[in-house]
Amino acid sequence: LFVGVASSVSGGNAEAAGDAIKGFALLVLFLISGALTVGFCSFFLGIAQEAEVRLELLFTGFRRFWKSFATYFLSSLFIILWSLLLIIPGIIATFRYAMIYYIIADDEDCGPLEAISRSKEMMKGNKWKFFCLNWRFFGWALLATFFTLGIGYLWLIPYMQTSFAKFYEDVK
């Protein structure tokens with residue numbers, strides 16, 4: 001249906017219409033990724049804090065849409081800029097900014113640049129611990145991918161995200 005509509009708009013070129021739809025989908029994904037990530041972190045932070053957890057927590061990032069978007073945009077930009085130097089500084093930057101979304105989810109008054117600063121402070125001396133925490137899931141990810149054909153991720157992702165939220169609680 002969408003390809004047909006886009007094809008008629010683009011003069012009957014189905015390939016150009018498909019590219020237009022892919023571009024539009026990527027734009028929408030870029031716009032909502034920050035809000036979805038903040039909501040995801042809110043949900044798992046609720047589990048880590050042993051608070052009452054409701055599915056509506058998954059959408060809390062949309063209540064702070066522009067803050068979530070700005071956080072996603074700035075953190076992505078900084079990671080890309082660090083990655084331009086070499087791969088290793090980009091990886092270090094990824095770990096340095098790992099707690100940004102948990103900070104935004106935990107503190108409604110915190111802005112994007114403040115969350116970036118707080119995440120950098122939190123991760124001083126903790127990047128290696130966070131790397132090791134991530135590395136612990138490598139074997140599980142291989143098992144989930146190859147032996148369960150991806151179905152194992154239904155258990156692995158919540159386990160990982162709860163572990164990351166507990167890590168945030170420990171370092172905050």
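Details
- Cβ pairs under 6 Å, 6+ apart, first in region 152-172 and hydrophobic (A, V, I, L, M, F, W, C), second open to solvent by less than 20 Å² (accessible area, probe 1.4 Å) and not in a helix (DSSP H, G or I): MET160/PHE137
- With respect to the conditions (1) free of Cβ contacts under 8 Å to residues at least 24 places away in the same chain; (2) surrounded by fewer than 16 Cβ atoms within 10 Å (Cβ to Cβ), PHE131 lacks only one, and its number is (1).
- Flag for ASP170 being within 23 Å of LEU58 (Cα to Cα), among the acidic types (Asp, Glu), open to solvent by 30 Å² or more (accessible area, probe 1.4 Å) and part of a helix (DSSP H, G or I): yes
- Tally, over region 94-111, of residues that are open to solvent by less than 30 Å² (accessible area, probe 1.4 Å) and either more than 18 Å from GLN49 (Cα to Cα) or in a helix (DSSP H, G or I) (or both): 9
- Any hit, region 35-44, residues being over 24 Å from ALA93 (Cβ atoms), assigned to a helix (DSSP H, G or I) and among the aliphatic types (A, V, I, L, M): no
- Against the test of being touching a Pro at 6+ places or on another chain (Cβ under 7 Å) and open to solvent by 60 Å² or more (accessible area, probe 1.4 Å), the options TRP82, TRP155 yield a single qualifying residue, TRP82.
The values are calculated or read from the model by the stated rules, or taken from the named source; none is laboratory data. Keep in mind it's a predicted model, so treat the numbers as computed, not measured. We place every Cβ from the backbone using ideal geometry, glycine too, and count neighbours over all the protein chains shown. Note: areas computed on protein heavy atoms with side chains; ligands, DNA, RNA excluded. Shrake-Rupley method; radii C 1.70, N 1.55, O 1.52, S 1.80 Å.
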